[in-house]
Amino acid sequence: MKRTSGIESLADRARPGRRRAGARALFATLVLLAVTSVSVAAAHDGPGALGMIGPHGMTGPFEEPEPLGVTAVTSKTPQSARVGALFGADKADDLAGNHFCTASVVHSPHRDLVVTAAHCLSGDSDLVFVPGYRDGRAPYGVWTVKQRFLPDDWTAHQDEDSDMAFAVIAPQGGKGVEDAVGANRFLTGAATGATAVTLTGYPDSREVPISCTNRPRAHSGTQQRIDCPEFTGGTSGSPWINGDQEVVGVLGGHEAGGSTADTSYSVVLGAAADRLYKDATAAL
């Protein structure tokens, strides 16, 4: 072993006298004992016992940190069910291949709110939201978009710094969409890059969601960016979710979310986003 070899080289150096040789031998023995003690402690206190530092902080025992900047098909989990695809209402009975944007459920008092990009809600077409959509199936139902809340600056001149919006979802059987799949919290004022985030979205060329975790960074004072491959058309509106299950970004903004599939953007969620959220949650 490397440590043993290093200790032996200290003990085997030229010895001018017997006294110095004895001291060196004693020193080598003490170092060997210390190294052995540290090695034993490390064997008992390895990553499985202490956890590991991941992109969101300390992970639990035996839990590997998430790889950064790698895109893969999203696992079926209670959390991923909160993300869904948007369709035109005329496609509600023929979902396969017809989704065009992504949205996700955020907590609200009426349990009926999703967040997406403003450019996904522009226009007058009737829309439906399908949480947890996969392969033409709607495991949690098809939900009608009842009301839309877009920023004034987006409505007036499609300001890219206002490219996020909310939609109120009509209840089913007296229950809201949040009752069906749960919700993430909507957070404004978070520092860009304070933690890694996970993007989940629906490319329009695929029938399953994809996810990628990475650390965002500032593009400007009003825009943030993240490097995640394969986020093509259809992923607009994808939530950026931190380790506390809070939405801190929405894919959109600069260049309608990005001109390449490898780099995506979001508006910085600040005071304007907070006001819009309050307007949407006050809706009856």
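The values are calculated or read from the model by the stated rules, or taken from the named source; none is laboratory data. Keep in mind it's a predicted model, so treat the numbers as computed, not measured. A quick note on method: Cβ atoms are made from the backbone with ideal geometry, for glycine too, and the neighbour counts reach across all protein chains shown.
Odds and ends about this structure:
- Exactly one residue among Thr263, Thr192, Thr198 is in the same structural domain as Leu86 (by TED's automatic domain parsing), touching a strand residue (DSSP E or B) at 6+ places or on another chain (Cβ under 6 Å) and closer than 30 Å to Gly176 by Cβ, and that residue is Thr198.
- Strands (runs of 3 or more DSSP E) fully within segment 77-169 that include at least 1 residues being touching a Lys or Arg at 6+ places or on another chain (Cβ under 6 Å) and among the small types (Gly, Ala, Ser): 101-106, 165-169.
- Matching residues, segment 185-199, being crowded, with 21+ Cβ neighbours inside 10 Å and touching a helix residue (DSSP H, G or I) at 6+ places or on another chain (Cβ under 6 Å): Phe186
- Any chance Ser220 is out of contact with any Cys (no Cβ under 9 Å at 6 or more places or on another chain) and within 23 Å of Asp152 (Cα to Cα): yes
- Hits in segment 214-232 - residues which are more than 23 Å from Ala81 (Cβ to Cβ), part of a loop (DSSP other than H, G, I, E, B) and more than 16 Å from the chain's Cα centre (by Cα): His219, Ser220, Gly221, Thr222
- For segment 116-149, filtered to residues that are polar (S, T, N, Q) and modelled with pLDDT under 95, the residue that is surrounded by the most Cβ atoms within 10 Å (Cβ to Cβ) is Ser122.
- Residues in segment 169-179 that are surrounded by fewer than 22 Cβ atoms within 10 Å (Cβ to Cβ) and of a type outside the set (Asp, Glu): Ala170, Pro171, Gln172, Gly173, Gly174, Lys175, Gly176.
- The residues of segment 259-280 that are in a helix (DSSP H, G or I) and touching a residue at least 60 places away in the same chain (Cβ under 8 Å), listed by number, are Ala271, Ala272, Ala273, Asp274, Leu276, Tyr277, Asp279, Ala280.
- Per this entry, Ser211 is counted among residues that are within 11 Å of the chain's Cα centre (by Cα), in the same structural domain as Trp154 (by TED's automatic domain parsing) and either buried (at least 21 other Cβ atoms within 10 Å of the Cβ) or farther than 18 Å from Leu121 by Cα (or both).
- Residues satisfying the stated conditions in segment 65-117, i.e. over 25 Å from Thr263 (Cα atoms), in contact (Cβ under 8 Å) with a residue 60 or more places away in the chain and among the hydrophobic types (A, V, I, L, M, F, W, C): Ala96, Leu113
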